[in-house]
Amino acid sequence: MNDYLSMLFETLFGFAALFLLTKVLGKTQISQLTPFDFISALILGELVGNALFDKEAGIPEIAFVIILWGVLLYLTEIITQKWKRTRAFMEGSPDIIIYKGKLIRDTMKKSKLDLNHLQHLLREKDVFSIQDVEYAILETNGKVSVLKKAANQTPTKHDLKVATHDVHLATTLINDGEIIFDNLKEKNLTEEWLIEELHKQDYSSPKEVFYAEYIKDKQLFLLPFTNRGHKRFK
């Protein structure tokens, strides 16, 4: 009977500790699992499960395991937030697998993505033909984001008998106050051009911009740093 009571208290403690850990780490650790997050969740569950059924392990041991693993995950999150260049290494980076309607074979091979799996991912986005896709991006959580060709977007311009125009993929030029120089180079843009565009919209420095998005033939889209605080959304 004492063994069952001990297991009851340890289970309740493990449940409460894991619940608290998910609150501390934030929603993205649960809703958008990267491969690293998935493995972390499996290991954490295994560690807690083993501690529960180990007669020599009690609440202090379970608490130690959860706290230690939680600290490691939290430190990883802090590192990727503070030093953005570590994100690609720690969390991976999105890959373009369809570019201007063409499959990028080497990127698919690198991501271990075969054509059947890609078609499955596209069907989850209500896309049943690769011909309808202008761009497709394999995200770090294994899902695919799709930008359809202009004639196949909803509502389709084909149905409305409206002339179609070329579509362009949006490119992030500033993220959290830092210029993404690789993206600037890819779009044949210069830092001087970017600073000039910021000045046109009354920003004196990239550090004042939380997010900047570039789409060809459109004005540079800028978002400042905005904090909600404890205010309610209206």
| Regarding THR140, is this residue surrounded by 11 or more Cβ atoms within 10 Å (Cβ to Cβ), closer than 24 Å to TRP83 by Cα and in contact with a Gly (Cβ under 9 Å, 6 or more places away or on another chain)? | yes
| ASP176 passes all but one of (1) charged (D, E, K, R); (2) over 17 Å from LEU220 (Cβ atoms); (3) in contact (Cβ under 8 Å) with a residue 24 or more places away in the chain; which number fails? | (2)
| Residues located in the stretch 123-145, provided they are under 13 Å from LEU103 (Cα atoms) and hydrophobic (A, V, I, L, M, F, W, C) | ILE130, VAL133, ALA136, ILE137, LEU138
| field | Residues of the stretch 200-219 that turn out to be open to solvent by less than 100 Å² (accessible area, probe 1.4 Å) and out of contact with any strand residue (DSSP E or B) (no Cβ under 7 Å at 6 or more places or on another chain), as a count | value | 3
| note | Of the conditions (1) modelled with pLDDT of 75 or more; (2) surrounded by 12 or more Cβ atoms within 10 Å (Cβ to Cβ), the single one that ILE78 does not satisfy is (2)
| said: From the list LYS110, LYS149, LYS125, LYS157, exactly one residue is in contact with an Asp or Glu (Cβ under 9 Å, 6 or more places away or on another chain), open to solvent by 50 Å² or more (accessible area, probe 1.4 Å) and more than 19 Å from LYS216 (Cα to Cα). Which is it? | reply: LYS110
| query | Only one of these conditions is not met by ILE180: (1) touching a Ser or Thr at 6+ places or on another chain (Cβ under 7 Å); (2) under 22 Å from LEU103 (Cα atoms); (3) among the aliphatic types (A, V, I, L, M). Which number is it? | reply | (2)
| said: Under 6 Å between Cβ atoms, which residue pairs at least 6 apart in sequence (or on different chains) link something in the stretch 119-138 that is touching a residue at least 40 places away in the same chain (Cβ under 8 Å) with a partner that is of a type outside the set (Val, Ile, Thr) and open to solvent by less than 40 Å² (accessible area, probe 1.4 Å)? | reply: LEU138/ASP95; LEU138/SER111
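The values are calculated or read from the model by the stated rules, or taken from the named source; none is laboratory data. Keep in mind that what you see is a predicted model, and the values were worked out from it rather than measured. Cβ coordinates were reconstructed from backbone atoms using ideal geometry, including for glycine residues, and neighbour counts include every protein chain displayed. Side chains included, ligands, DNA and RNA excluded: accessible areas come from the protein's heavy atoms. Shrake-Rupley method; radii C 1.70, N 1.55, O 1.52, S 1.80 Å.
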